[in-house]
1. If the convex hull of the alpha-carbon atoms of the stretch 14-121 is projected onto planes in all directions, what is the mean projected area in square nanometres?
2. Test of understanding: ordering Lys98, Lys78, Lys120 by Cβ neighbours within 10 Å, fewest first, what list do you get?
3. Using Cα positions and a limit of under 12 Å, work out the aspartates and glutamates in reach of Lys120, with same-chain residues fewer than 8 apart set aside.
4. Hey, for a label at Asp83 modelled as a point 7 Å past Cα toward Cβ, could you say which residues of the stretch 38-55 have their backbone N under 18 Å away?
5. Run the reach check for Lys62 against lysines, Cα to Cα strictly under 18 Å, same-chain hits fewer than 8 apart removed. What comes back?
6. Can you list the HN-Hα couplings for the stretch 50-66, worked out from phi with the Karplus curve (6.51, -1.76, 1.60; θ = phi - 60°), rounded to whole Hz and with x for Gly and Pro?
7. Tell me the net charge near Glu35. Cut-off is 10 Å between Cβ atoms, Glu35 excluded, with +1 for each Lys or Arg and -1 for each Asp or Glu.
Amino acid sequence: MTRLSNLLRVLTAACTLIVPAFAQSPAVVSTGAYECWANGEARLLLNFTIRNRSQYTDSEGKAGAYSYDTASGRLTFKGGMLDGAMPNGFQAIYHEPKGRPTVSFRSPRGSEAAFCEKAKN
């Protein structure tokens, strides 16, 4: 039993060191058009285009700004339709699962309410 207990401790410690390296947020938000989905349906009003490191355009063509915190992956939108698009406490998180640039709109509990993936060119 002691050997198994020691092995589990070593594996837990190893996973603690490895997981943060894979969970690290990308350095920048990928530019381009993003298509949004929720509950298995397209959410066209949430669609947007990332123009550069600080500006985006919403689905109606209105310009807005965004900031990106690389430590947490959090995006904050100012102006345009995405400013206040989700209820209080929700946050937008940028990540790249399987190499696919994605913005997840998550509840305070971490549940994904909607997601937007970069459209394929």
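1. Orientation-averaged projected area of the Cα hull: 7.2 nm².
2. Going from sparsest to densest Cβ surroundings: Lys98, Lys120, Lys78.
3. Lys120 reaches Glu35.
4. 46-55
5. Counting by Cα, and skipping residues close in sequence, Lys62 has these lysines nearby: Lys78.
6. Taking θ as phi minus 60°, the curve returns 7, 8, 7, 6, 8, 10, 9, 10, 7, 5, 9, x, 7, 7, x, 10, 8 Hz for the stretch 50-66.
7. Its environment carries a net charge of +2.
Read the figures in this text as sums done on the coordinates, not as results from a lab. All figures in this text were calculated on a predicted structure; none of them were measured in a lab. All Cβ positions, glycine included, derive from the backbone under ideal geometry; neighbour counts span all protein chains shown.
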